[in-house]
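Read the structure below first, then the notes.
The values are calculated or read from the model by the stated rules, or taken from the named source; none is laboratory data. As the structure is a prediction and not an experimental result, all values here were calculated from the model. Here the Cβ positions follow ideal geometry from the backbone for every residue, glycine too, while neighbour counts run over all protein chains shown. Each accessible area value is taken on the protein alone, full model and side chains, heavy atoms only, with ligands, DNA and RNA left out. Shrake-Rupley method; radii C 1.70, N 1.55, O 1.52, S 1.80 Å.
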Amino acid sequence: MDRLPIFLSLQDKPCLVIGGGDVAARKIALLRRTGAAISVLAQEFNASLLQQVAAGQLTRVEQSYGSEIIRQFWLVIAATDDAAFNHRIAADAAAASRFCNVVDDNAASSFILPAIVDRSPVLIAIGTEGNAPVLAQQLKNQIEAWLPARIGALAAQAGRWRKLVQKRFSGLRERRRFWQDFFTGPIAEHLLAGRQAAAEKAMRAQLVGTVVTPATSRGEAWIVGAGPGDPGLMTLRGQNLVGRADIILYDRLVSEPILDLARKEAELIFVGKSAGSNAMSQDAINALLVRLVREGNRVCRLKGGDPFVFGRGGEEALALAAAGLPFQIVPGISAALGCAAYAGIPLTLRGVSGSVTLATAKLDSDLGPDWPQLLNAGHTLALYMGVSSIADIGEQLLHRGLPPDLPVAIVENGTTPQQRTIISSAIALARDAAAAKIVSPAMVFIGESIRAASKLQWFEQSLADRSAVLDGGFGSHIDCARLIETG
Ligand code: SAH
């Protein structure tokens, strides 16, 4: 971050704009929205600025420019069409410890003006540190489209009710929960729909209501799937709950950007397990979850992939149910689905694979002795937690009479920028996996539909293209050495 976004209070503060053309006029219009006391120094004023001066909305600086003038102002905007002059103003401002914006000159500016979404009092500032103003503009448009039109009215009304709510709920946590529910609840709905009277009525009922313990003060658990790695693959509902939780219990496979969604007061507790070393036993996790919810916390139990697919979410939900505690479960994209999509492996493919099984690498014990028939009948196996037994998987396939060229794919760190896909076969699996030094987490896929992957490498291709651009070379880390041709 090169620049700190801040919201300046400029009401009645003297600000200086140097330049009197259209560009200066645009900056002046923006400053005027804040109630700043604006002085303009220019040789020539455009018609609109002249009018504003005549109406007493701007002060015209009569003297010609000299560096001493700058000290009288909080902010300076250099908006002349003379680049050298603009730079001189910026240097004078720096010498006088005043912030200066030079229009269309990011490097010379000690502050820049972001693209703004203004639904006052809700304000969103978007900046690209001068790299891509058009992108900032496009983001602004997208946010404008996505933001409810009356969000400003909603925030303003909440501001007017703050004192009442403070009186009604004395505890900080109670109050925060009230507001958390408020903004997603029926009163906010009324306000966003412009139904002021209905909103006020509902609010009165809430505040004078006889409910002693508001439903919102109960603890609750949210067992949430965070998806396989790419933070974009998490559900909106999951993201929303992460942002509302008091405490987040998270696993090793949950990515940083998802944890960044947490409130800054939220407590983050790592309870992850990685193969071999248990940070916390499952029983201890269940007990912790139950205790924290009982204490009245909103606990988000954040898991990689989907909580109910080899995530032990079932056990945690059962522990909560046994303790009579409320919980919700939010699905996530499981590694099998995420990795298959990002590696171009159709789990089912018309005429090739008509069913799919999610299992772990313990084939016989997970699937029973008949699993080879499944594969012979056109089936895809998606195996979790298989890294340590990859060689063994190849052997089992051959030992059970499956064809040596039966396609097997390994997808390591699927859906992340580190994703690697190794396409191999039953006979070559052990050798290929060893050569590629596969590490956890990785999924192993087995089945004929994997052959299609040679034509469907979209994600690693895009990673390779990106690194080629960055390196100025054409390096690719997709291991296509053993890509099997279709047919
Ligand atoms: N609940 C999770 C699975 C947890 S078990 C889910 O639904 O995805 C952990 C196993 O998931 C790992 O050993 C690995 O086999 C697989 N896995 C999880 N994330 C992965 C990723 N990004 N890439 C490849 N495999 C992954």
**OP:** Considering only protein heavy atoms, with the full assembly of protein chains and a 1.4 angstrom probe, order Glu68, Glu220 by accessible area, largest first.
**Re:** Glu68, Glu220
**OP:** Provide Rg and Dmax in Å for the stretch 223-332, with only Cα atoms included in the calculation.
**Re:** 12.6, 34
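Dividing the Cα convex hull volume of the stretch 337-483 by residue count, how many Å³ per residue is that? If you can, show how the numbers build up before the last one.
Values: hull volume 14.0 nm³, N = 147.
Expressed per residue, the convex hull around the Cα atoms of the stretch 337-483 is 95 Å³.
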**OP:** Sticking to Cα atoms, compute the Rg of the stretch 151-207 to one decimal and its Dmax as the biggest Cα-Cα distance, whole number, in Å.
**Re:** 10.6, 30
Original post:
³J(HN,Hα) across the stretch 197-204 via Karplus (A = 6.51, B = -1.76, C = 1.60, θ = phi - 60°), whole Hz, x for Gly/Pro?
Top reply: 4, 4, 5, 5, 5, 5, 5, 4
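How big, on average over all directions, is the shadow cast by the Cα convex hull of the chain, in nm²? Please report the intermediate quantities before stating the final value.
Values: hull surface 127.6 nm².
Value for the chain: 31.9 nm².
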Original post:
Amide H of Leu41: which non-local residues (sequence gap of 5 or more, or other chain) have their own amide H closer than 5 Å, using H built in the peptide plane?
Top reply: Val17, Ile18, Gly19, Val61
Subject >> 3J(HN,Hα) from dihedral phi, the stretch 259-266, Karplus parametrisation 6.51/-1.76/1.60, rounded to Hz, x for glycine, proline >> reply: 5, 5, 6, 5, 4, 6, 7, 5
Original post:
Around Leu75, which amide H atoms from residues at least 5 apart in sequence, or from another chain, sit under 5 Å from its own amide H, with H modelled in the peptide plane?
Top reply: Leu16
Original post:
Given 5 Å bins starting at zero, what is the percent of C-alpha pairs of the stretch 12-109 in each, up to the one with the largest pair distance?
Top reply: 3, 14, 28, 27, 19, 7, 1, 0
**OP:** Quick one: give the max-minus-min coordinate of the C-alpha atoms of the stretch 342-405 along each principal axis, largest first, in Å.
**Re:** 29, 26, 22
Subject >> Ranked packing of 142-149, 162-169, most packed first, by mean Cβ within 10 Å >> reply: 162-169, 142-149
Subject >> With Cα atoms, 0 to 90° folded angle of helix 133-146 axis to the chain main axis >> reply: 80 degrees
**OP:** Taking the convex hull of the Cα atoms, report for the stretch 112-157 its projected area averaged over all directions, in nm².
**Re:** 3.0 nm²
